[in-house]
Structure formats: structure tokens, C-alpha cells
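Colleague: Before I ask anything, here is the structure I am working with.
The values are calculated or read from the model by the stated rules, or taken from the named source; none is laboratory data. Computed from a predicted structure; not experimentally measured. So basically every Cβ, Gly included, is an ideal-geometry build from the backbone, and we count neighbours across all protein chains shown.
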Amino acid sequence: MFQTEPILYLQSQGSDWLTAPMALITSMGTAAFFAAVIIAVTFGIDFRKGFLLFQLLLWTGAATEILKVVFALPRPDFVDLRVLNLEKGLPNTSPFSGQGGEGFFALPEKEALEAFGAQVNSIASSSRHGLYGFPSGHVSTTTALWGGAALIFGNRAIRGMAPAVVLLMAFSRMYLGRHFLGDVLGGFMLGLIMLFAFSAFLGSRLNDDFFRKESFLPSAKFPNGLFYLFMFIVPLLLAASSMIGHDVAGFLMGTNAAYILVVRKGIPDDSGTAGQRTTRAMMALLTFATAAAMLAAGINAAGIENSLNPGVIEFAEAFIPATTVWVSVIICSRLGLYGKART
């Protein structure tokens with residue numbers, strides 16, 4: 001599963017006409033794509049279902065990063081000079097050739113693993129997550145998004161499309177040279193595990209408690225204490241221990257902070273015309289993008305990139321745009337794009 005031969009074969013059959021659609025498919029596994037989809041669902045279709053999908057995606061991303069740190073396995077282009085990084089179009093400068101797994105169940109060769117470990121240890125912990133290969137985050141989050149959407153909407157078309165989208169994502173990651181077969185299989189299995197946990201949550205009383213104002217009053221009682229634990233304390237501890245990236249923790253905590261502000265005021269009524277729903281989604285996307293752009297410009301103008309810990313900047317660049325969920329609800333409500341708030 002960690003052999004480079006399957007990747008080399010796929011790339012030997014490739015061409016520009018195949019690389020372009022594969023790059024497009026793989027872009028559907030990026031944070032920007034997921035944010036756009038979730039915001040569109042949350043504001044244009046159903047606030048509750050959209051927010052649950054957001055939680056599923058964020059926690060799947062966090063679980064993926066934890067496993068990446070635990071296994072600390074390299075990507076294919078590190079262990080084999082012949083593997084091309086077609087996603088970024090960068091030349092391969094690996095000192096190794098053909099040091100992937102020798103058998104189907106074998107890991108890459110020991111020399112390559114030791115060199116990879118030395119390289120990882122030489123850089124800041126906050127920058128390591130992108131170097132790890134196993135499991136594939138694109139595949140795990142794609143499995144979670146499409147599987148989760150099939151669960152909460154019960155739509156036959158989504159159920160039918162989900163396996164095809166996941167397979168295409170896995171194929172694109174291997175063809176582009178970003179993952180081994182073992183990486184994409186691991187990502188798929190993790191996505192399934194997260195879906196099983198999500199399904200159990202949907203069928204429990206916690207699903208109802210999660211949308212009650214009383215569940216988010218300051219209290220250590222059940223379920224309030226449980227929600228606060230997983231929405232804020234656990235992400236903070238995981239980021240502090242470098243088990244997840246500061247950006248993932250920022251998105252989790254920022255989104256959750258925004259949600260608490262929304263639920264305490266009352267979850268908005270999703271009713272509205274097609275025009276109102278479209279306007280809500282566009283307003284939320286614009287607010288999110290504007291906040292992210294202004295924050296990045298402000299940090300650059302202030303020249304504080306080198307004076308602050310990179311992790312702090314990563315956290316802020318994720319946390320602040322994520323809180324615009326609350327801002328967008330306020331704006332849309334005042335513009336009369338929502339019905340009466342539900343409590």
C-alpha cells in the first residue's frame with residue numbers, strides 16, 4: 001500500500017488533458033471549497049444541517065491531523081525521486097529512488113523513514129502537518145462531506161454520487177503524486193469511522209440538546225459541560241500539543257463561538273424565497289471572504305508576521321473569519337432575509 005509503482009504507472013499514462021481535471025477534482029478537497037459549500041448549505045438551505053456538517057468536517061480534519069502526527073509517514077515524492085508532484089508542479093529533489101514499500105503491506109524503507117523524521121524534526125511543529133501523508137485529508141473530509149450530506153438530507157441522488165466522488169478524489173490524489181494507496185484507503189476508513197460517530201450523534205438526545213439555548217448557558221452540568229469541553233477545551237489542548245494545526249483549532253473554536261452567539265439569540269428561521277436564500281448565502285460568503293482578506297492585509301501592513309509566533313497568526317487567520325457566521329446571521333436578519341428566530 002506504500003509502493004510507488006502504482007503512482008508511477010498512473011503518471012506514465014497521464015497528459016495535460018488528464019492532469020487538468022484531476023487538479024480540479026483535488027481542489028474539491030480544499031478548505032476553501034468546503035467553506036464555500038458549508039456556508040451555502042447553512043445560509044441557503046438549512047442552518048442546523050449546515051452547521052452539523054461543518055462540525056463533522058472540522059472534527060474529521062482534526063482527527064486526520066492527529067493520525068498524521070501519530071504515524072508520521074512521508075508522501076510518495078519524498079521516498080522516490082521519480083514521483084512527480086503534479087499538484088504544485090514542483091521539481092522533485094528527493095535523495096531517494098524507489099524506496100517505497102517493497103511489498104503490499106510494507107512501509108517505505110527504513111532509510112527514507114529516518115531521513116523524513118530528521119527533516120520533520122528540523123522545522124517548527126506548527127508547519128509539519130502538511131508534510132505527512134497518512135491518512136489523506138482530502139479523502140477523509142470528502143468522505144465525511146458527501147456521506148454526512150447523504151445522512152442528514154436523506155437524498156437518493158447524494159447517496160448515489162458519494163461513492164463516485166470519493167473514488168475520483170482518491171484517484172486524483174494518487175495520480176497527482178500526493179498520496180500512496182495506503183494513504184487514500186486510510187483516509188476513506190477514517191471518514192467512515194467519523195460518519196458512524198456522526199450517525200450515532202444524530203440518533204441521540206445530544207442532537208436535540210445541541211440546538212437548545214439552555215444547553216449553552218454557563219454551566220458544568222450535562223450537556224452544557226460536555227459541549228463546552230469539545231467545542232473549546234479539547235481543540236485548544238490539541239493545538240497546544242501540536243496534534244492539530246493552529247488553523248484547524250482556530251476554525252473549530254471560531255465557528256463554535258459564533259454558533260453560541262447565534263443559539264443564545266435564537267436559531268434563525270430558514271424559510272424564505274429562492275432569492276432570499278441565495279442572497280443570504282452570497283452575503284455570508286462575502287462576509288467570510290472580506291474578513292479573511294482584511295485580516296491578511298492588516299497583518300501584512302502591520303508587519304507582525306515575524307514578531308508573533310506563526311501559530312498565533314494561523315489561529316487568528318482561521319478564528320476571526322469563522323466568527324462571521326454570527327455576523328452574517330445578524331446582517332441577514334436585519335435585512336429581513338430570515339423569518340422569526342426559533343428558540
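Colleague: Given the condition of a type in the set (A, V, I, L, M, F, W, C) and without any contact (Cβ under 8 Å) to a residue 12 or more places away in the chain, answer yes or no: does some residue in the range 34-52 qualify?
Modeller: no
Colleague: Right, another one. Can you name every residue in the range 106-151 that is among the hydrophobic types (A, V, I, L, M, F, W, C) and at pLDDT below 90?
Modeller: Matches in the range 106-151: Ile123, Ala124.
Colleague: Modelled with pLDDT of 95 or more and either surrounded by fewer than 21 Cβ atoms within 10 Å (Cβ to Cβ) or under 30 Å from Ala124 (Cβ atoms) (or both): is that true of Ala36 in this structure?
Modeller: For Ala36, the condition - modelled with pLDDT of 95 or more and either surrounded by fewer than 21 Cβ atoms within 10 Å (Cβ to Cβ) or under 30 Å from Ala124 (Cβ atoms) (or both) - is not met.
Colleague: Tell me, yes or no, whether the range 208-221 has at least one residue that is touching a residue at least 12 places away in the same chain (Cβ under 8 Å), among the aromatic types (Phe, Trp, Tyr), part of a loop (DSSP other than H, G, I, E, B) and more than 29 Å from Thr323 (Cα to Cα).
Modeller: no
Colleague: Within the range 243-252, is there a residue that is surrounded by fewer than 17 Cβ atoms within 10 Å (Cβ to Cβ) and in a helix (DSSP H, G or I)?
Modeller: Checked the range 243-252: no residue is surrounded by fewer than 17 Cβ atoms within 10 Å (Cβ to Cβ) and in a helix (DSSP H, G or I).
A quick yes/no check of all residues on (1) surrounded by 22 or more Cβ atoms within 10 Å (Cβ to Cβ); (2) touching a Pro at 6+ places or on another chain (Cβ under 6 Å); (3) farther than 18 Å from Ala162 by Cα:
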{"site": "Met1", "(1), (2), (3)": "no, no, yes"}
{"site": "Ile7", "(1), (2), (3)": "yes, yes, yes"}
{"site": "Trp17", "(1), (2), (3)": "no, no, yes"}
{"site": "Trp59", "(1), (2), (3)": "no, no, yes"}
{"site": "Val69", "(1), (2), (3)": "no, no, yes"}
{"site": "Pro76", "(1), (2), (3)": "yes, no, yes"}
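Matching residues to (1) buried (at least 20 other Cβ atoms within 10 Å of the Cβ); (2) assigned to a helix (DSSP H, G or I); (3) in contact with a helix residue (DSSP H, G or I) (Cβ under 8 Å, 6 or more places away or on another chain); (4) touching a residue at least 24 places away in the same chain (Cβ under 8 Å):
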{"site": "Thr255", "(1), (2), (3), (4)": "yes, yes, yes, yes"}
{"site": "Ile260", "(1), (2), (3), (4)": "no, yes, yes, yes"}
{"site": "Thr278", "(1), (2), (3), (4)": "no, yes, yes, yes"}
{"site": "Leu285", "(1), (2), (3), (4)": "no, yes, yes, yes"}
{"site": "Leu295", "(1), (2), (3), (4)": "no, yes, yes, yes"}
{"site": "Gly311", "(1), (2), (3), (4)": "yes, yes, yes, yes"}
{"site": "Ser333", "(1), (2), (3), (4)": "no, yes, no, yes"}
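Colleague: Among the polar types (S, T, N, Q), under 26 Å from Phe78 (Cα atoms) and touching a residue at least 24 places away in the same chain (Cβ under 8 Å): which single residue out of Ser199, Ser242 fits that description?
Modeller: The unique qualifying residue is Ser242.
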